[in-house]
Amino acid sequence: MTRVIRTIDLFAGAGGLALGFRNANRGYKPIFAVEIESAAARTFKRNFDCRVHDGPIEQVDDYPEADVIIGGPPCQGFSPLGRDRDDASRAQLNELWQQYLKAVRLVRPKAFVIENVPEFQRSAQFMELLELMETDKDLKEYGYAYGVLNAADYGVAQRRRRGIFVAIRGLREVPWPPRPTHGPESAEGEPHVSLRDVISNLEAYPDIDDISWLSGDRQDLHFRRNPRPMSLERYRAIPEGGNRFDLAKNRPDLLPRCWANKPTGTTDVMGRLWWDKPGFTIRTEFFKPEKGRYLHPTADRPITHREAARIQSFPDDFLFEGSKIEVARQIGNAVPPKLAEALAEHVYKLAFKDTPPGER
């Protein structure tokens with residue numbers, strides 16, 4: 001009989017971390033979650049059927065007993081994409097990780113996992129976290145390890161780098177990193193999962209568009225946008241693996257002035273993906289090719305919501321709530337479940353494998 005390992009998910013989003021922990025088949029069960037965005041909170045509730053606090057974490061003063069706390073405090077304050085925020089809003093976001101530690105102190109779980117952008121681990125706030133882990137009476141009983149992991153090394157069809165911090169109560173040394181399951185460092189020699197592996201069986205040109213989706217089956221996430229004729233011409237000028245520089249070479253007459261005046265810079269803008277490689281980081285506006293490398297490997301369109309969810313390693317039976325923009329935000333902000341599954345296995349081996357139930 002599989003033991004139940006109770007989990008609390010903070011800054012839960014749609015539940016990518018929770019799904020990965022559940023999929024590890026080690027008995028992890030969400031019992032409580034906190035998520036401020038209403039649509040994401042509804043998604044979490046629908047898929048995990050546990051109590052969800054739909055509001056600011058600062059409003060939570062009491063937590064249920066649990067064995068593991070997982071979560072990713074908002075990263076906009078640390079991410080390069082958040083540079084345009086004012087100092088006050090950045091400071092507010094950056095200090096939300098302290099609300100996470102408040103929950104740890106109250107619950108005293110056997111283990112906790114913090115996920116964030118890699119930049120967090122180079123911040124002054126992270127240095128403060130490390131100091132607290134050594135000096136705070138409630139935290140210094142935890143051994144810990146941390147580093148940056150690439151989701152592609154754990155079975156995700158996406159090169160996505162995330163900063164991970166793992167702490168285990170009562171363990172002096174925490175092994176790191178979790179053993180990769182895919183790529184050159186994997187023990188079994190499994191190759192990285194490619195886009196061909198996860199999206200090639202979907203229609204190149206979906207039958208429904210984003211307008212029809214609003215009045216149809218909201219769970220059929222494989223719907224297309226309705227690009228302007230000029231946008232279609234731009235897409236057609238970009239080969240597999242190409243980008244805006246190919247547009248400049250093949251159809252200079254279609255090049256926007258802002259790109260024509262900037263002959264150097266990022267190579268991902270208006271980029272087309274490769275069939276036989278993992279994708280690039282799925283962000284919240286993956287449906288806009290001008291934001292990154294989001295063109296389908298062969299079809300002249302950006303990837304769909306369903307394709308983005310699969311690239312993130314969400315299964316098709318995971319049900320999202322909200323508008324198409326809200327669903328895209330949930331997909332882009334999520335921890336890839338396959339990466340979370342590897343973390344769940346790592347935590348289980350360190351904290352629960354040889355511990356009888358009731359002795360946590």
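Before moving on, here are some points about what is shown:
- Looking only at segment 256-281, and only at residues there that are of a type in the set (A, V, I, L, M, F, W, C) and not in a loop (DSSP other than H, G, I, E, B), the one that is modelled with the highest pLDDT: F280
- Residue in segment 284-295 that is closer than 19 Å to E37 by Cα and either in contact with a His (Cβ under 7 Å, 6 or more places away or on another chain) or assigned to a loop (DSSP other than H, G, I, E, B) (or both) present: yes
- Residue match in segment 306-318 (condition: among the small types (G, A, S) and either over 25 Å from P177 (Cβ atoms) or in contact with a Cys (Cβ under 9 Å, 6 or more places away or on another chain) (or both)): yes
- Being part of a loop (DSSP other than H, G, I, E, B) and outside the structural domain of R22 (by TED's automatic domain parsing) is true of A299.
- Residues satisfying the stated conditions in segment 214-244, i.e. assigned to a helix (DSSP H, G or I), surrounded by fewer than 19 Cβ atoms within 10 Å (Cβ to Cβ) and at pLDDT below 90: L214, S215
- In segment 80-122, residue farthest from the chain's Cα centre (by Cα) [restricted to those that are small (G, A, S) and modelled with pLDDT under 95]: A88
- When we screen V148, V156 for residues that are crowded, with 21+ Cβ neighbours inside 10 Å, closer than 30 Å to E326 by Cα, β-branched (V, I, T) and within 21 Å of the chain's Cα centre (by Cα), the only hit is V156.
- Single unsatisfied condition, G163 versus (1) surrounded by fewer than 17 Cβ atoms within 10 Å (Cβ to Cβ); (2) under 23 Å from the mean Cα position of the chain (by Cα): (1)
- K324 meets each of the listed conditions (1) at pLDDT 95 or above; (2) surrounded by fewer than 24 Cβ atoms within 10 Å (Cβ to Cβ) apart from (1).
The values are calculated or read from the model by the stated rules, or taken from the named source; none is laboratory data. Small disclaimer: the values here were computed from a predicted structure and weren't measured. Quick reminder, even Gly has a Cβ in these numbers, built from the backbone with ideal geometry, and neighbours come from all protein chains shown.
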